[in-house]
Structure formats: structure tokens, C-alpha cells
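What follows is one structure encoded as C-alpha cells, with my remarks underneath.
The values are calculated or read from the model by the stated rules, or taken from the named source; none is laboratory data. Source: prediction; values computed, not measured. Neighbour counts are summed over all protein chains in view; Cβ atoms, including those assigned to glycine, are modelled from backbone coordinates with ideal geometry.
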Amino acid sequence: MTMTEPKSIGRVIPDRLTSPLSRALRSWEALLFAVAVAVFIANSFASPYFLNAWNLSDATFNFTEKAMIAFAMAMLIIAGEIDLSVASIIALASTVMGLVMTAGYGTPEIVLAGLATGLACGALNGFFVARLGLPSIVVTIGTMSLFRGVSYIVLGDQAFTGYPKDFAYFGQGYVWWVFSFELVLFAVLALVFYILLHRTNFGRAVYAIGNNPTAALFSGIRVDRVRFILFLLTGLMSGIAAVCLTSRLGSTRPSIATGMELEAVTMVVLGGVNILGGSGRILGVVLAAIIMGLVTFGFGLLNVPGIVMSIFLGLLLIGTIALPRLAKGLRRG
Amino acid sequence: MTVAPLSAPQPVLRLSGISKSFPGVRALSDVELELHAGEVTALIGENGAGKSTIVKVLTGIYQPDAGVIEVAGQATTFPTADTAARAGVTAIHQETVLFDELTVAENIFLGHAPRTRFGLIDWAAMEAQSRDLLARIGATLNPRAVLRDLGIASKHLVAIARALSIDARVVIMDEPTAALSHKEIHELYDLVERLKAEGKAILFISHKFDEIFQIADRYTVFRDGQFIGAGRMEDVTEGQLVQMMVGRSVDHIFPARAHNIGAPVLTVSGYSHPTEFADIGFTLHKGEILGFYGLVGAGRSEVMQSLFGITAPSKGACRIGERVVAIRSTAQAIDEGIVYVPEDRGRQGAVKGLPIFQNISLPSLGRMNTSGFLNMAREFKLARDYTQRLDLRAASLDQDVGLLSGGNQQKVVIAKWLATKPRVIILDEPTKGIDIGSKAAVHEFMAELAAEGLAVIMVSSEIPEILGMSDRVIVMREGRIAAELTGPDMTPERLVRAAAGIPEAA
Amino acid sequence: MTSFLKSREALLALAILVLLGVIASRFPAFVEPASLANVFNDTAPLMILALGQMVVILTKCIDLSVAANLALSGMVAALLNGMGVPLPLILLTVLALGAALGAVNGLLVWKVGIPSIVVTLGTMTIFRGVIFLMTDGAWVNAHQMSDAFKSLPRHVILGLPVMAWVAVVVITIFTVFLTRTPLGRSFYAVGGNPHAAVYTGLDVGRTQAIAFVISGILAALTGYLWVARYAVAYVDIAGGFELDVVAACVIGGIAIAGGAGTVGGAVLGALFLGVIKNALPVVGISPFWQLAISGSAIIIAVAFNARQGRKAGRIILKSAEAGA
């Protein structure tokens, strides 16, 4: 292998060969940004109702809750794990909130109960994966049934309704003008996750584990602890999403958020995160969330049914991964 | 099928003009190789010489860009692994080419199992034939045993039985003795003799010269993907072979060492593990290089990984300076100033996929960024400082470590540990599988580190390296310390005897 | 003998017997032959799909699109029936369709190299979407199906309905296929050690693609049986059933990492879930408990698998060797 070494280079090795700007322009995120702009323009031509501040604000509800989960899911997938139980955590957290509400508690207790349930579910997943070393895909397929199953045991075919008026703020309230609480929360969480993944030691550990967990362990990273925290974080974000969704719908049914885990995974993969772990960025997930929201909203304005939308997302998911690979294959001849 | 005239011994297999390139690498250029019936041909070359590429060409995994493959004088091609197997070429690799979940019989017959008259696999016949084949090579394995339950030596027997089962004409043995015990190696030699007697042409790839001289009839040397020479073993000396292999005179000069041995840094006593090692005790001093010699599988790496916090010992104590510490995690070991450069560089050392600078800063992040937030400028500075010291060759510090050569990956791994400013550095087979140039650099660097007052433990299976670098040598055998040698006692003979459990000559 | 008793299948069979025993102690009617036959018949779709899924999992992949494939094939069967196509032709067409849908998954995994979980996550939504596009969301109801179409799975032969017999035939074929044919063994080889499989002359991607085609064919077969038996077809039939199928495999000891698992395990895993599902209403527990129970069963099963599969540390010491 000696011949692969660039012999001409002396002892001082440059930090980077490509400037961050040229790299950014050729990145997956740049492509996603272009797609987002294209979808935006297409929508504004397709429907006269699109370019309206309030309509656009409404459109954000299509992705804010899913994106909150997707941020945590992105970190989990980068670390080489996955959590398919997130939607079921929402169901269970919402159910617990309903129970707390029925017991006569007010909004603060309801919210706390939702977040605590999320954390507890995340801790359970984390225990099985990080502590017992079980494969996360199977564990979370199991807890996916378990968590939602508990909701069904509690609720059966009933529903909790009658949440307090002030509880509605989280899913229906506006911070300022057209900026809903959920949208602001989405933006804040995007920033928090950006910093956590790209600007902290913890985030770097996540990448190291995703690329090579053994070498990460041999580099002094507490691999199991990082994995546990990631599941905890995913549980917490599911709890937050449960608060928002329950508040927005104003009711809890055991079937709440069904299928949301797949949408969150789709969002993460579309955002450029490698499903096998090791690479991906929060900005990509943010852009993927916006694209998915805009497409859903645009189709809605055109009265296209939701299921057609899901075909589109399925194609998008496969297409975005297949096209670069096919292109590479063609170039190689 | 033409039968070669007896007068002209035609090679069973002849490769000529074989070239193979990968993006950015010319792995083989215009090489040739001949294998003869009933003879062992040793393929010799450094890592990266193209040995594994030629094996993949021979077994149909890679397609050569140019060149001719002749089987018994007839030009042919091996477009798939299957065609190579059908032409009678089979490879016995280290454990990787067998199936742990399947039985011995099935591992032998996978792909060509005997069938019943309905075309179904005939398990009874398969097991009976397996028993016969195993008996032919003197093995007494149960054909129904699941492979995962067998040791490496037994797995080799299964692989050889498989080669016999497809009536292979060419058997490739790729470092077959790497993980075997002394006794098992001799059993393997017997087997090779038996295969020779059956008229098989054997390609034997090994790094061990004693072994090559013992069993090979012919040699072929590759260097940097090129054919350097071939001939009969009796016409060549070890020195000449080495010269051909490295292309320069190789009285490998180990760096001169200043032996300034200081106060004890690390004292280990009574270290034991339920299955891996027992009663390990030694003292390591400042400025000392302590060699750990032994056969592969003697438990040296296991002891080191225990000191590094990967596996907990069941008994024993470890003192750093005067303080007793119980190391329970790698993070704690690093905090205590003990670092470990692992043997398995690809899996345990380098984080491929991350750039060089992030690999180097990885274990230092906590200390460097106490706030928990990254500081890229500081990371790059750290990487610059240590890569310059180690004379790393790379395009940029932002380059993926996975794209570097083995020697340069090793430099990155060493750099990442030096950046933590350790007191004790443990190097596990530090020069295994790296080119001669990098090897010398690593040796020089180790000497420098010791001179600066670092305490160094070097685990190595190479006798010249152990003798050339160490102040003192501990020999391990079957999980225990077999001998501790210093000064004039440090001779190749004493090392080998202690490692193999042969009593000292009277 | 001891190895059989220690085997996963024996343990699972024992668990099912204990379960049946406990139920029988209070509700003896449940273990009467007719009732057990009914449980078996009811579990037939799960068993058939679990065998297809098992083949896919053996090769280190996963097929999350089986339930969507089932729904699409079932709908096509119902629509063809509505057009008056004869039943044998319907079956042939639908099986070919299932194979084609499986081939789509397989080719994306093999030729494009996309991880199977992503491929099948995508195709599961696409397949269901296609049903919607074909029908505009309309249902095909019992009165729109011919009697021959509906009655075949329920037709009783020797005390068992045809649907149960189909499961028996599939189980038999798979037992022979997976233990006695080179292709069957190649699934184990490809999943157990892909690297070694290449050296044995096996094409890993191609073998995986074949596994997806097999899974697709079985999904289509189940699609017809399902639609005919319940006499209804719509977009959402068997929604989420792919998870039950994966659960049956996991409970049956099929290693999610590939290369290990038996037909008996997959069948028993499915039967375990089937017994629980059928027993709940009998013992008076709300069927809403079913989901949580199967979730718990998955977790217990995977924890158990991991304990069995865990490799012991290296044995170097002579003294330890003697004790091992």
C-alpha cells in the first residue's frame, strides 16, 4: 500500500484541501435546499392560497412534531441504532397525560407526566439496548407493541377528552403573529440539536460510535452511556411531541400518532443521514422536514388524498438513496 | 482436458502478465506465478505486496485487468468464485471462509453436497463422506458438530477436508499457521505433506521464514505489486529472500537506546481472569521498554486489555506510582495515564469514516474541552503537532483515516494516544502488517518516547523486534508468565523455549 | 437428545403446551380438537408469512412490506374476481404479482445496494398507495365476490379448512426446501458469513433477492386467502401485520443478524402468538391486551436469544479449559 501515499507532501499537512464553502455547495443539504425552494415555487404556482402567511403557518403543523422526534432519531441513527417505538411512546405518554388529567390535575402536571413517561420509555429502551446489549431494531419493535399495547389496555376503544383550556396552548397557541408555539419550539430544538450534535464532545462521540463502536470504546468513550442517553433523549423528544400533539388534537386515543415512527425515519434518511450510521447532519433533517411539510401541504391544497402523498414519500425515500448510488454506478461504467 | 507429457513437468496452474488496478492503486502489475503438482510454492512479500490480490484473482473474486490464467496448459478465466472452484482451485483462509452456524459436514460439502435420487441433499451420505475425508487427513471430528463450537485448528481441518472434497488440484493456504499453537502447527505441516503426496499443488502464504524453509519446495516473491523472482528453495538463502522482499539490505537496524530507567510507574500483582490469564505480576519503570513475548493466543493482549479497562480482572491489584487503582473503564485508564495501541488496528484502533484530526483528538476531547463544547482550532492544532512529530503522510488532516495506508493509520493511532500525554503506553504488535519504512519510524519513535521518560510496554511476536527494542522481556505461555529475561539472557533460543514450554538445554 | 431438549424449538413448544395447560385448567373447551384446529387455521396466514420473512431474515435482511404486499395482492385478486376471471388464473396472476413486488424489493437491495429496511419501508407505503390509486379507496365487499372465490379457503377437507391445509403444505415444502436443497442452504450461508459465501461461489445479493421474491410470493398467497376468508378487501387490510410477522420470527428464535433459524421455530413462534390471540377472549381478557403481550413476548424472546448466542470469552488457561 506504500504506493498510495502522496509522497510529494512534506511534513506539514494542510488542515483542509477544500474550503468549507465549496464543500457546503456540493453537499446533500444544498441539494435539499434547492428541492425545498422548487417545491415552494411549485406550490405557489399550483395554488393561489399557498402564499398566505396564515396558510404557511398552518403548513408547519405538518412537520413540527415529527421533526422533533426526527432530530433525536437522527442522532440515534448516526450512532448506529434505531428507535421504532417513538410513535408508541407518544401514545403511552398521551394516555398517561389523559390519566393525570382525569385525576383532576392541571396543565403543569399533565405536561410533566407526558415528559416523564417519554423519559421512562426511553430509559427502558436504553436499558435493553445499552445495558443488555440487545439489537435496537428488535427491542424497539417489541416496545413499539408494548407501549401502545398499554395504551390500548387503559383506553380500549375509549378516548380521553376535555383537556384544560390552557393546555391547548402547546398545540394551538401562537407566540407572536403567525408563529405558533410548535414552530418556535421546532426552531429552538433544531438549534439545540445542531449544537449538541455538531458542537459538543457528546456529538463527536456519537459519530465515533456510529463509525466504529469498538474503536470508540478503545478511545475512552463510554459507549453504553452515550447510547443510553440517546435513547433517553429520543424518549424525551417523543414526550414533548406527545404534549404538542395531544394539545393540538385535544384528545387521546390509543391509535394516536400511528405510523409516525416511519415518517420520522423517512425524514431522517431523506435528510441525508446514513441509515447504517456514521454520518448525517441536523441541517439536512431540518430541510427534509420542511420539504415533507411543504409537499404534504401542497398536495392538501390540491385535494390530493393523504395516501397518494405517502406513495410520493415512499418514492422519495427510495429515490433519494438510489439515485446517487445509481449515478455513481454509471460513472464507474 | 489434455494430459501433460511426463517429460516436461507442466505447472498445474500458471498466471502470467497479470495486472489489476483499483481507483488510485495499482495492486498488481504484470506478475507471474506457477504452481506445480505435488509441490509447495511459498508466496513471499510484505503486506501490500499484492499477495491477497493474487489470491482473489486465483479464486475468481477479482477479475484481472490483463494477463492469462492457464490450468494444465489451457488458457481459461475465472469470472466467478464458482468457476475457480470448479477448475479445482480452493483457498484455505484464516477462519473467515467457513460458516459458524453450519455443521462440519455441511461446511465441507456446501455447494456440492451429495444428492438423493430426488435431487435433495443427502445428509446421511454427506456425513458419511465427511467422516471418510476427515479420516483421510487424520482428523476425528464429529461431522454433525456445529462449527462455532470448534477451535481454529479444527476449523482448518474442516477447510482442508473441504479442499479434498472438491478434489482440488490447487490448494491456497493463506497464513494458515497464524493462530495455531506449536503442536497444531506441526500437525498442519504433516497435513501439507499428505496433500503433496496426493499430488496437490499448494500455494503457501506465510510471513514466517523458518516455516517457509521447512515446508516449501519453491518460492515466488512479490514486491509492491510486482513480480521480483521465483525459484527453488534449495537455491536461495533467507538473506536473499528478505533482500528480494524489501528491495534493500535489511539488517534492520534498531535505534540506539539510552537506558535511563527510572522509578516504578506501574506495578501489577496477582492479576487473574477466570479463563484468560492467571497470576500476572510485573513492575514497569519510567523510561523502560518492557517486551511481552509469546505465541499468538498466549494471553498477552488479554492482559493488556484488562490493564486498559476493557475486561475486569477477577483478582489482583494494580498500582500507579504508589496509588492502588482499580481500572474499570477505558476512560478511567486514560485518566490514569495508561493508553493502549491495539493490535487490531482496523477494528479497535482507527475510527474509519472520521477525519484524521478527529481521530487524534477523540480521547483528548474531555480534557481539552472541559465545557463540553468543541473547539476546531484547538483540535487542528493538536493534530498538527502530533502528526508532524510522527511524520504522517496524508493529503490533509481532514482526510478520512480509512484512506490511509496501514502504516499511516498506525501513526494516527499512536498520535491520538500521545496527545493524551500518557505515562504508560502499551503497544500491541505495533508493526504488524505495516511497511518496512513505517516500521522503522515506529521503532525510532518508541525509543524516543522511552528516552523522554514514558514507560512503554511492547507486545510483539517478532523476535528481532522484541530483542532489538526491549530493556527486559516477559514471556507468556497459556495465560501465565513463563519467564522474565534481562540482559544476556535475552536470546532468541531462551525466548522460544520459554514461549513453547520446552525446558532449557542442559 | 439433550441438545434437542435444550433447543429453542423444544422450549417454545413447551411454553405453548404450558400455556394451553393453564388455559385448559379453567376453560377445557379451548383445547378440544375443533377449537385447536380453529386456532391453527386462524394462525395460518401468520405462519405462512413468518416462513417468508424467515428466509429474508436468514440472509441478513428484513421485509417490512409483506403486509402491504398482502393487501395489494389480495385487492388485485378481488378485482380480478369481480371481472369474472376464473379462480386458477386469479391465483396464478396474484402469485406472479407477489413475486414481482418481492423482486422490486430484491433488486433494490441487490442491484442498488440500499439497506433492506429502507427499501421495504418505502415499498410498504408505495404498495398500499397503489391500492388506493386502483380503487380510489373503495372497498370490495362480500357481495361483490363470487362464491367460489370466497369458499375455497373455508372448504373443509379431513376436518381442516383449506387455509390450514395450505399452511401445512407450505410448512412441509419449506422444511424440505430449507434443509434439503442447495438454494435453501445458501440462505443460511449467505446470512451466516457473507464473506465466506462469496468464496463458496454464492452471489450474496442474488440470494437475498431470491429471498425477497419468496417472501413476496407467500405474501400474495396469504393475500388471496385473507381477502377470500374475511370476504372484504380495502386499502388497510392487515395493517401493521408485518410487525406480527417479525415478532413471530423473533419469538421463534430466528436470529435478526442472519444465518440461524429453523422452520419449526418460525411456525412455533407464530403459533405462540396465535394461541394468545385466540385464548384472550376465551379466558375473558380484553383483546386490547394482545398488543402489549406480544410486545413483551418479543422482548423476552430477543433477550433469551442474546443469552444463548453470547460467546464465552477466550479460554486460554489450561485450568479453565478443563472446567469448560
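With respect to (1) assigned to a helix (DSSP H, G or I); (2) buried (at least 19 other Cβ atoms within 10 Å of the Cβ), the lone exception for A:Ile13 is condition (1). Restricted to segment B:456-478, and to residues there that are in contact with a strand residue (DSSP E or B) (Cβ under 7 Å, 6 or more places away or on another chain) and part of a helix (DSSP H, G or I), the residue that is surrounded by the fewest Cβ atoms within 10 Å (Cβ to Cβ) is B:Ile466.
Can we say C:Glu321 is assigned to a helix (DSSP H, G or I), among the charged types (D, E, K, R) and modelled with pLDDT under 90? In short, yes. Pairing each residue of segment A:112-141 that is more than 23 Å from C:Ala248 (Cβ to Cβ) with any residue that is of a type in the set (S, T, N, Q) and surrounded by 22 or more Cβ atoms within 10 Å (Cβ to Cβ), provided the two are 6+ apart or on different chains, yields C-beta distances under 6 Å for A:Gly118/A:Ser238; A:Gly122/A:Thr234. Of the strands (runs of 3 or more DSSP E) lying entirely inside segment B:41-113, those carrying at least 2 residues that are more than 9 Å from chain C (Cβ to nearest Cβ), over 30 Å from B:Val146 (Cβ atoms) and not aromatic (Phe, Trp, Tyr) are B:66-71, B:74-76. Applying a threshold of 6 Å to beta carbon distances and a minimum spacing of six or more residues, or different chains, the list of pairs starting in segment C:128-157 at a residue that is on the phi < 0 side of the Ramachandran plot and ending at one that is basic (Lys, Arg) and surrounded by 14 or more Cβ atoms within 10 Å (Cβ to Cβ) reads C:Pro153/C:Arg229. In segment B:269-295, what count of residues is obtained for those that are closer than 16 Å to B:Met490 by Cα and not in a strand (DSSP E or B)? Summing the residues that are closer than 16 Å to B:Met490 by Cα and not in a strand (DSSP E or B) in segment B:269-295 gives 1. When each of A:Val226, A:Val269, A:Val286, A:Val308 is tested for being under 30 Å from B:Leu365 (Cβ atoms), facing another protein chain (nearest Cβ under 9 Å) and not in a loop (DSSP other than H, G, I, E, B), the lone residue that passes is A:Val269. Of all residues in segment B:372-425, those that are of a type in the set (A, V, I, L, M, F, W, C), in contact with a Pro (Cβ under 9 Å, 6 or more places away or on another chain), in a loop (DSSP other than H, G, I, E, B) and more than 7 Å from chain A (Cβ to nearest Cβ) total 1.
The criterion of at least 2 residues that are under 20 Å from the mean Cα position of the chain (by Cα) and closer than 18 Å to C:Gly52 by Cα is met, among helices (runs of 4 or more DSSP H) falling completely within segment C:122-216, by C:162-180, C:182-192. For segment B:256-271, the count of residues that are at positive phi, at pLDDT 85 or above and outside the structural domain of B:Ile18 (by TED's automatic domain parsing) is at least one.
Among the residues of segment C:250-264, the ones that are under 17 Å from A:Gly142 (Cβ atoms) and either modelled with pLDDT of 95 or more or part of a loop (DSSP other than H, G, I, E, B) (or both) come to 6 in all. In segment C:163-183, which residues are at pLDDT 95 or above and crowded, with 17+ Cβ neighbours inside 10 Å? Scanning segment C:163-183 gives C:Met163, C:Ala164, C:Trp165, C:Val166, C:Ala167, C:Val170, C:Ile171, C:Phe174, C:Phe177, C:Leu178. Taking (1) among the hydrophobic types (A, V, I, L, M, F, W, C); (2) out of contact with any Asp or Glu (no Cβ under 7 Å at 6 or more places or on another chain); (3) within 28 Å of B:Asn260 (Cβ to Cβ) in turn, B:Ile474 satisfies each apart from (2). Tallying residues that are free of Cβ contacts under 8 Å to residues at least 60 places away in the same chain and at negative phi within segment B:39-60 yields 2.
Applying the criterion of being within 14 Å of chain B (Cβ to nearest Cβ) and of a type outside the set (A, V, I, L, M) to the residues of segment A:272-283, the residue that is surrounded by the fewest Cβ atoms within 10 Å (Cβ to Cβ) is A:Ser279.
Condition check for B:Thr431 on (1) surrounded by 18 or more Cβ atoms within 10 Å (Cβ to Cβ); (2) out of contact with any Phe, Trp or Tyr (no Cβ under 6 Å at 6 or more places or on another chain); (3) within 13 Å of another protein chain (Cβ to nearest Cβ); (4) not in a strand (DSSP E or B): one failure, at (3).
Among the residues of segment B:341-371, those identified as at the interface with another protein chain (Cβ under 7 Å from one of its Cβ atoms), under 25 Å from the mean Cα position of the chain (by Cα) and not in a loop (DSSP other than H, G, I, E, B) are B:Arg347, B:Gln348, B:Gly349. When segment B:279-311 is filtered for residues that are over 26 Å from the mean Cα position of the chain (by Cα) and free of Cβ contacts under 8 Å to residues at least 60 places away in the same chain, only B:Thr283 remains. Please verify whether A:Thr107 is out of contact with any Gly (no Cβ under 7 Å at 6 or more places or on another chain) and of a type in the set (Val, Ile, Thr), treating the condition exactly as stated. Considered against the rule, which asks whether it is out of contact with any Gly (no Cβ under 7 Å at 6 or more places or on another chain) and of a type in the set (Val, Ile, Thr), A:Thr107 comes out as yes. Among the conditions (1) surrounded by fewer than 21 Cβ atoms within 10 Å (Cβ to Cβ); (2) more than 14 Å from chain C (Cβ to nearest Cβ); (3) modelled with pLDDT under 90, A:Leu294 misses just one, which is (1). Checking every residue in segment B:245-261 against the condition of being within 14 Å of chain C (Cβ to nearest Cβ), among the charged types (D, E, K, R) and surrounded by fewer than 15 Cβ atoms within 10 Å (Cβ to Cβ) gives zero matches.
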